[in-house]
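Have a look at the structure below, then the notes.
The values are calculated or read from the model by the stated rules, or taken from the named source; none is laboratory data. Quantities reported herein were computed from a predicted structural model and do not represent experimental measurements. Glycine also receives a Cβ, built like all others from the backbone with ideal geometry; neighbour counts cover every protein chain displayed. Note: accessible area is taken over every heavy atom of the protein model, side chains too, but ligands, DNA and RNA are not part of it. Shrake-Rupley method; radii C 1.70, N 1.55, O 1.52, S 1.80 Å.
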Amino acid sequence: MSEENLTDQEQQRRLKLENLREAGIDPYPARAHRTHTTAQAIAAFEKAVEDTAPVEVAVVGRLVSIRIMGKSSFAHIEDSSGRIQLYLRRDLLGDDLYAMFRQNLDLGDFVEAAGTIFLTRTGEPSVRVERLRILSKALRPLPVVKEKDGQVFDAFSDKEQRYRQRYVDLAVNPEVRDIFWTRARIVSAVRRFLDGQGFIEVETPVLQPIYGGAAARPFTTFHNQLKQKLYLRISDELYLKRLIAGGFERVYEIGRDFRNEGVSFKHNPEFTQIEFYAAYADYQDVMALTEEMVAYAAQQALGTTTLVRDGHEIDLSPPWRRMRLRDAVREFTGIDYEEHRGPESLYKAIVQMGGTPERKANWGKLIDPTLINYVEPHLIQPTFLYDYPLEVSPLAKKKPDEPRIVERFEFFIGGLEMGNAFSEINDPIDQRERFLASSQALEDGDEEAHPLDEDYVTALSYGMPPTGGFGMGIDRLTMLLTSKESLREVILFPHLRTKE
């Protein structure tokens, strides 16, 4: 921000910054000295209450309250573990240091305070400050919470502004920090669960010469030295299955994927996904792993497998409901798509029901939006829908007795699609034929169709055992477990349009 655009408060803070420097005080020192977090300091004092020995601490944090009272003052600082009160007296700090505190420190500044802990008359553990240092001078004031007519108003409540300036959001809204602590516990729990099941965590390329593993448009980039067009991965799948072909039996990856698609409450162009692949397993085995893993993550992150979403109490404990996709569509739309084997017949049935399907969609792609619009919102309790049309599942194994259907499932909780899995194709000839059909659709203008990946087919030709695979968005799982309505609430820096 240019100097002429500074607010009065910002100008005052700049003056205080210069005052500190003129007094020989570095407002941005290179090091801090902390002996206890605020929580540790309070715990140490409470443990030593029966002893007469004083508890000496050096604590650090952001100033979140200041009360000037003449020759003594109170303040609170906050670190990631909590907050603690500081008691500052002129006779303890000396005239110069006390004047520095009174005249040149503001809410939002970071400080280091050293002294002994005592109990105030109101029963609050506080640090009797003997040494005080500034660690960082804040040149902009943080938004404050205001009360009016008995209601609390957050001065930083505009959602878009919160997402654009997440650093401010985190600083003034501790409940937002809690979301991301929960997210971290979810990821750690998923990792522990899979490690305990004999999986190995691996890393696969983010920049890929051929994208694949999902139906999505990729982001493209260019490698200048190699003069090569590359894609940001849309999925980890094909590289992880190469590892199964190479001899690993259980692999997983937690990482960022990128899809050049629309933004909504449940879509972000870059997102975190967990994918795992287990040799000698099929989609039924993966269902069992899925319900155990999600229940375990909830228990570890929240301390319970029960949550409330949109007024519904949801129980994540296994076993979960299992339904064929055909039965679910028939239950909620009245359409049995197996009685409409051609796309024209199915199109007319959906229109007659009141739907607005895409006119040129194939049979499988007519079923998919019908599921999203008319079935998904009703799937509140954890539910597996299984056995999907071949046309929308180019990497899933056909059912032996139903060649138009594949061994695939998606699972739904709280009216949201949470993940996708299937018995993997390990027949290289079948896989190549599927790729060719899909790549033809890509040439015909379907930007989400899967391209041909000859190297992956080559990997399969060396042999890959029967394998069950799985993918789930960590963002959606966090959204579910923290009862948030949008992915933007659970992604630290969600993608937004430029202000222009």
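Numbers below:
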| item | result |
| --- | --- |
| Long-range neighbours under 9 Å by Cβ, at least six apart or interchain, first residue modelled with pLDDT under 90 within the range 361-384, second among the polar types (S, T, N, Q) and open to solvent by less than 10 Å² (accessible area, probe 1.4 Å) | Gly364/Ser393 |
| Residue count for the range 283-296, restricted to those that are of a type in the set (A, V, I, L, M, F, W, C), out of contact with any Lys or Arg (no Cβ under 8 Å at 6 or more places or on another chain) and touching a residue at least 40 places away in the same chain (Cβ under 8 Å) | 4 |
| Any chance Ile244 is in a loop (DSSP other than H, G, I, E, B) and over 22 Å from the mean Cα position of the chain (by Cα) | no |
| Set Ile429, Ile491: member being in a helix (DSSP H, G or I), modelled with pLDDT of 95 or more, closer than 27 Å to Val251 by Cα and not acidic (Asp, Glu) | Ile429 |
| Some residue of the range 16-27 being in contact with a strand residue (DSSP E or B) (Cβ under 6 Å, 6 or more places away or on another chain) and at pLDDT 95 or above | yes |
| Breaking point among (1) open to solvent by less than 10 Å² (accessible area, probe 1.4 Å); (2) in a loop (DSSP other than H, G, I, E, B); (3) over 20 Å from Leu240 (Cα atoms), for Glu447 | (1) |
| Close pairs (6 angstrom Cβ cut-off, 6 or more residues apart or separate chains): modelled with pLDDT under 95 in the range 36-65, β-branched (Val, Ile, Thr) and surrounded by fewer than 20 Cβ atoms within 10 Å (Cβ to Cβ) anywhere | Pro54/Thr116 |
| Residue within the range 307-328 that is more than 28 Å from the chain's Cα centre (by Cα), touching a residue at least 60 places away in the same chain (Cβ under 8 Å) and farther than 30 Å from Leu194 by Cα present | yes |
| Extreme residue, modelled with the highest pLDDT, among residues of the range 143-167 that are of a type outside the set (Lys, Arg) and buried (at least 16 other Cβ atoms within 10 Å of the Cβ) | Tyr163 |
| Segments classed as strands (runs of 3 or more DSSP E), wholly inside the range 14-132, with at least 1 members that are among the aromatic types (Phe, Trp, Tyr) and closer than 28 Å to Val176 by Cα | 72-79, 110-119 |
| Leading residue by the ranking (farthest from the chain's Cα centre (by Cα)) among those in the range 370-385 that are closer than 14 Å to Gly355 by Cβ and polar (S, T, N, Q) | Thr370 |
| Given (1) of a type in the set (A, V, I, L, M); (2) in contact (Cβ under 8 Å) with a residue 60 or more places away in the chain; (3) closer than 16 Å to Ile134 by Cβ, index of the condition Val111 fails | (2) |
| Those residues of the range 217-245 which are touching a residue at least 24 places away in the same chain (Cβ under 8 Å) and either open to solvent by 60 Å² or more (accessible area, probe 1.4 Å) or over 17 Å from Ile474 (Cβ atoms) (or both), in sequence order | Arg217, Pro218, Phe219, Tyr231, Leu232, Leu238, Tyr239, Lys241, Arg242, Leu243, Ile244, Ala245 |
| Residues of the range 174-184 satisfying the condition of being surrounded by fewer than 18 Cβ atoms within 10 Å (Cβ to Cβ), in contact with a helix residue (DSSP H, G or I) (Cβ under 9 Å, 6 or more places away or on another chain) and charged (D, E, K, R) | Arg177 |
| Filter result (buried (at least 18 other Cβ atoms within 10 Å of the Cβ) and either within 10 Å of Tyr283 (Cβ to Cβ) or at pLDDT below 95 (or both)) within the range 399-415 | Ile405, Val406, Glu407, Arg408, Phe409 |
| Given (1) over 25 Å from Arg476 (Cβ atoms); (2) touching a helix residue (DSSP H, G or I) at 6+ places or on another chain (Cβ under 7 Å); (3) open to solvent by less than 30 Å² (accessible area, probe 1.4 Å); (4) of a type outside the set (Phe, Trp, Tyr), index of the condition Ile367 fails | (1) |
| Total residues in the range 59-85, condition small (Gly, Ala, Ser) and surrounded by fewer than 18 Cβ atoms within 10 Å (Cβ to Cβ) | 6 |
| Test set (1) closer than 19 Å to Gln381 by Cα; (2) in contact with a Phe, Trp or Tyr (Cβ under 8 Å, 6 or more places away or on another chain); (3) at pLDDT below 95; (4) not aromatic (Phe, Trp, Tyr) - Pro357 fails condition number | (1) |
| Filtered residues of the range 355-373 (kept if part of a helix (DSSP H, G or I) and under 26 Å from Lys398 (Cβ atoms)) | Trp363, Gly364, Lys365, Leu366, Ile367, Asp368, Pro369, Thr370, Leu371, Ile372 |
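To keep it simple, each residue is scored yes or no on (1) farther than 19 Å from Leu379 by Cα; (2) in contact with a helix residue (DSSP H, G or I) (Cβ under 6 Å, 6 or more places away or on another chain); (3) surrounded by 14 or more Cβ atoms within 10 Å (Cβ to Cβ).
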| position | (1), (2), (3) |
| --- | --- |
| Gly262 | yes, no, no |
| Phe271 | yes, yes, yes |
| Tyr283 | yes, no, yes |
| Ala295 | no, no, yes |
| Leu307 | no, no, yes |
| Pro318 | no, yes, yes |
| Met323 | no, no, yes |
| Phe332 | no, yes, yes |
| Val351 | yes, no, no |
